[in-house]
1. If you check PRO102 against the conditions, is it buried (at least 17 other Cβ atoms within 10 Å of the Cβ), more than 16 Å from ligand 2 (Cβ to nearest atom) and under 30 Å from THR58 (Cβ atoms)?
2. Looking at ALA259, ALA250, which one is out of contact with any Ser or Thr (no Cβ under 7 Å at 6 or more places or on another chain), small (Gly, Ala, Ser) and in contact (Cβ under 8 Å) with a residue 60 or more places away in the chain?
3. Would you mention how many residues in the range 168-187 are open to solvent by 40 Å² or more (accessible area, probe 1.4 Å) and within 16 Å of ligand 2 (Cβ to nearest atom)?
4. Go through ARG31, ARG17, ARG63 for me and flag whichever is outside the structural domain of LYS246 (by TED's automatic domain parsing) and modelled with pLDDT under 70.
5. Give the residues of the range 289-328 that are over 16 Å from ALA259 (Cα atoms) and loosely packed, with under 13 Cβ neighbours inside 10 Å, sorted by residue number.
6. Quickly run through the range 238-288 and pick out the residues that are within 10 Å of ligand 1 (Cβ to nearest atom) and open to solvent by 60 Å² or more (accessible area, probe 1.4 Å).
7. For LEU188, state whether it is in contact with a strand residue (DSSP E or B) (Cβ under 7 Å, 6 or more places away or on another chain) and under 19 Å from ALA226 (Cβ atoms).
8. Tell me yes or no: at least one residue of the range 139-150 is modelled with pLDDT under 95 and part of a loop (DSSP other than H, G, I, E, B).
Amino acid sequence: MRRRYEPTHTRVVRGKRIHDTMEEKLSRLERETSSTELSIERVEAEFLVPTIENFVETEQVRRLKDRVKLWIKVGYPPHVVGPTGCGKTTLALQVAKEMGRPTVWINGDEQLTTTDLIGGYSEMEAESVRDRFIHNVMLAKDRTKFTWVDNPLTLACKYGYTLVYNEFSRAKPEANNVLLSVLEERILELPTFFGEERYIKVHPDFNVIFTSNSIEYAGVHRPQDALLDRMVDIYMDYYDFDTEVKIVQAHTGISLSEAKNVVKVVRTLREKLPEPHKPGTRAEIMICQGLRVMDGYSKEDLEQIYMDVLATKIGEPKELFKKSDLVKAVLSETYGDA
Ligand SMILES: Nc1ncnc2c1ncn2[C@@H]1O[C@H](COP(=O)(O)OP(=O)(O)OP(=O)(O)O)[C@@H](O)[C@H]1O
Ligand SMILES: [Mg+2]
């Protein structure tokens with residue numbers, strides 16, 4: 001029997017919409033396919049497959065991807081850990097896509113609660129009945145109905161999706177307690193349910209991939225050991241020179257020689273700057289996008305573009321001057337003084 005998708009509500013995480021409303025999805029699907037039948041397979045194929053544009057796969061990327069897949073196969077969720085902007089999220093989403101199951105994802109942060117993971121009662125419907133069937137007797141009845149809405153972890157456990165839990169170590173450990181029994185006993189417990197419905201048997205196709213920033217990992221909220229013991233940490237660093245050049249080219253269409261220069265400069269700066277200021281692959285892409293739009297540039301333009309992208313993490317003017325001097329020095333080393 002074909003499962004049908006039950007439209008529920010606008011999915012909102014802490015007050016922010018994270019998906020189209022169901023009406024928007026439905027009317028888009030109907031417009032595109034002129035059919036009104038909405039099977040879950042269609043919704044999954046349409047909305048729950050990550051779109052990763054220009055994924056670049058070099059030997060290094062493939063090896064890393066295979067490691068993530070290997071641990072999924074063995075049965076331990078991989079936890080991809082690496083510095084800011086090295087490609088963790090893209091890698092996790094690509095692996096999720098290749099697992100061949102629909103993907104749901106969540107971003108960890110300070111405010112994340114178990115409800116954000118499992119779901120909760122999102123709507124309350126109050127119904128009042130005033131019955132004057134017998135003219136001098138008034139029957140009043142108030143009924144309140146709650147609608148439960150699944151959030152990503154529950155969806156993944158129920159339907160066998162791949163959950164990408166991004167920025168895992170930013171969430172407070174207590175929000176993640178619910179994951180213990182999911183990983184260990186393959187049971188998801190919904191604490192606000194009663195009876196049998198309280199426990200969901202985790203679907204055999206369920207998988208989860210975690211990502212965390214290595215700088216934050218040991219810092220603010222170290223995940224509980226009981227959870228860390230049940231996953232495998234896969235440490236990654238920025239990709240090698242050639243991979244970064246290919247990524248930058250794939251995203252911006254910039255020439256090989258220009259891409260090489262940008263990657264060279266950024267990698268040199270990475271070595272010279274302290275940890276929180278190290279520019280990632282995203283910065284390289286942004287610089288190349290800026291350069292592409294410029295249609296010819298002077299030395300000053302070049303410096304300006306680099307500084308605009310690299311100055312984002314600076315608080316004080318003094319630091320800005322210091323960084324600007326460093327950028328100028330590295331630029332003239334790479335591009336020459338012309
Ligand atoms: N294999 C890849 N192919 C194509 N683009 C990639 C690849 N890896 C990373 N990128 C690009 O590099 C940039 C940074 O990647 P990503 O966002 O995955 O890094 P991250 O480590 O998750 O960053 P953050 O620490 O900020 O969360 C993105 O623009 C992404 O599109
Ligand atoms: Mg990321």
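1. Values: buried (at least 17 other Cβ atoms within 10 Å of the Cβ): yes; more than 16 Å from ligand 2 (Cβ to nearest atom): yes; under 30 Å from THR58 (Cβ atoms): yes.
Yes: the conditions hold for PRO102.
2. Going through ALA259, ALA250 in turn, the sole match is ALA250.
3. Residues meeting the conditions: 1.
4. Sole residue among the options that is outside the structural domain of LYS246 (by TED's automatic domain parsing) and modelled with pLDDT under 70: ARG17.
5. SER298, GLU300, ASP308, THR312, GLY315, GLU316, PRO317, LYS318, PHE321, LYS322, ASP325
6. LYS246, HIS251, ARG282, MET286
7. Yes: the conditions hold for LEU188.
8. Scanning the range 139-150, I find no residue that is modelled with pLDDT under 95 and part of a loop (DSSP other than H, G, I, E, B), so the answer is no.
The values are calculated or read from the model by the stated rules, or taken from the named source; none is laboratory data. Predicted model only: the values in this text are computed from it and were never measured. Don't worry about glycine lacking a Cβ; one is built from the backbone with ideal geometry, like all the others, and counts go over all protein chains shown. These accessible areas exclude ligands, DNA and RNA; they are computed on the full protein's heavy atoms, side chains included. Shrake-Rupley method; radii C 1.70, N 1.55, O 1.52, S 1.80 Å.
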